[in-house]
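What follows is a single structure, written as structure tokens, with notes after it.
Any read-out appearing in this document is the output of simple, stated calculations on the displayed coordinates, not a laboratory observation. Because the structure is a prediction, the values reported are computed rather than measured. No Cβ is skipped: glycine too gets one built from the backbone with ideal geometry, and neighbour counts run over all protein chains shown.
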Amino acid sequence: MHIQNRTFIISGGASGLGLATVRDLHAHGGYISILDLNAENGNAIVNELGSDRTKFFETDVTDTSSVQAAVTGTTAWIAQTGAPIGAVIPAAGVGSPGKLVDRHNEPIPLERLDVVININLRGVLDLIRLCLPHMTTTTPLPPDNERGVIILVSSSAAFDGQPGQVAYAASKGAIRSLTLPLARDLAQYGIRAVSIAPSYFESNMTAQMSDKVRKSLERVLEFPKRPGKGEDFARMVRHCVENVMLNGETIRLDGGTRMPSKL
Ligand SMILES: NC(=O)c1ccc[n+]([C@@H]2O[C@H](COP(=O)([O-])OP(=O)(O)OC[C@H]3O[C@@H](n4cnc5c(N)ncnc54)[C@H](O)[C@@H]3O)[C@@H](O)[C@H]2O)c1
């Protein structure tokens, strides 16, 4: 899939890995529809990049009417720009660590599990589901009759989840697991599905970790000996957009690091 004159729908695009992807695909000529809860950041990015090729929709991915409104708004914008959807990148996600039973032998409140699963899994599927009817009907591109790509965000936690990551690992493992059947279901339309599984990347999410956790993560890094940067992630997204042979796979983006059991 090419980037110029295509629209990229990016949830979580107001911060971190999603925002780096917004910047990169915009710099390469794409139209960007940003869906995020954070209206202040979202509007600031549109101001910075200009409203010619960016649009922000204040969206809660756990609320299907909010997602539907953003998709409808994006397709109305596409009707003006003539730039059909090139990719959907559902990057909105939350960490929210917690063990299923705490040190006082209290079970974790179910709502805390719901938050993670609803944003990281249900919200991802909902956005893809609502975008697909607009992708399956676009004109396929030669030479392969491609119509677009879904680029999902899994995590190292899908492979080696750490203590306190049961809900997060479940959500990211689900993303990893659904990538192949999604690719198989969408093959008939010329739509691919690829997941990227980053390890420890600089973002708002990881900025909330304690210094102790951050230092212990930095100790286990192989090469390079630094956390990933948004640009590293965005470059991989761009490659997933452009390389038609990537399909049905989860790509680890982790510099060879395997997350340890103990921090
Ligand atoms: N940073 C890492 O080390 C890392 C590693 C592996 C995977 N990931 C994944 O990358 C993705 C992006 O995370 P990040 O690290 O950039 O975090 P981040 O906190 O910087 O960005 C997440 C964005 O998602 C938005 N968001 C949260 N809940 C939302 C909701 N209900 N509706 C709409 N938007 C919502 C937030 O407002 C924020 O802008 C997530 O799926 C995360 O799980 C991150």
Check: Which net charge results for the neighbourhood of ILE191, defined as the other residues with beta-carbon distances under 12 angstrom from its beta-carbon, given Lys and Arg at +1 and Asp and Glu at -1?
Finding: 0
Check: If you add up the charges near SER11, with Lys and Arg at +1 and Asp and Glu at -1, over every other residue whose beta carbon is less than 11 angstrom from its beta carbon, what do you get?
Finding: -3
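Ranked highest first by the average count of other Cβ atoms within 10 Å around their residues, in what order do 7-17, 188-198 fall? Walk me through the numbers before you get to the answer.
Details: 7-17: 27.5, 188-198: 22.2.
Most protected by this proxy first, the peptides run 7-17, 188-198.
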Checklist line | Whole-percent pair-distance distribution, where bins are 5 Å wide, for the alpha carbons of region 20-155 | finding: 2, 9, 17, 20, 19, 13, 8, 5, 4, 2, 1, 0, 0
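Give a quick list of GluC sites (Glu not before Pro) in region 195-242 that DSSP marks as loop, anything other than H, G, I, E or B, with at most 13 other Cβ atoms within 10 Å.
On the way: sites: GLU202, GLU218, GLU222, GLU231, GLU242; in loops: GLU202, GLU222.
Of the GluC sites (Glu not before Pro), the ones in loops of region 195-242 whose Cβ has at most 13 other Cβ atoms within 10 Å are GLU222.
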Checklist line | 5 angstrom amide H check on ILE251, placed H, neighbours 5+ away | finding: SER195, ILE196, ALA197
Check: What helices in the chain pass both tests, a Cα length along the helix axis of 24 Å or more and a mean Kyte hydropathy of -0.5 or higher, using whole DSSP H runs?
Finding: 64-81, 166-186
Next item on the list: May I ask for the distance between the Cα centers of region 172-238 and region 104-122, given as a whole number of Å?
Entry: 21 Å
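Rounded if a/c is under 1.5, else prolate if a/b is larger than b/c, else oblate: which is the chain, with a ≥ b ≥ c the root eigenvalues of its Cα gyration tensor?
Numbers: a/c = 1.64, a/b = 1.56, b/c = 1.05.
Since a/c reaches 1.5 and a/b is larger than b/c, the shape of the chain is classed as prolate.
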Check: 222 nm [θ] for the chain, helices only, -39500 (n - 2.57) per DSSP H run of 4+, per residue, to 500?
Finding: -13000 deg cm²/dmol
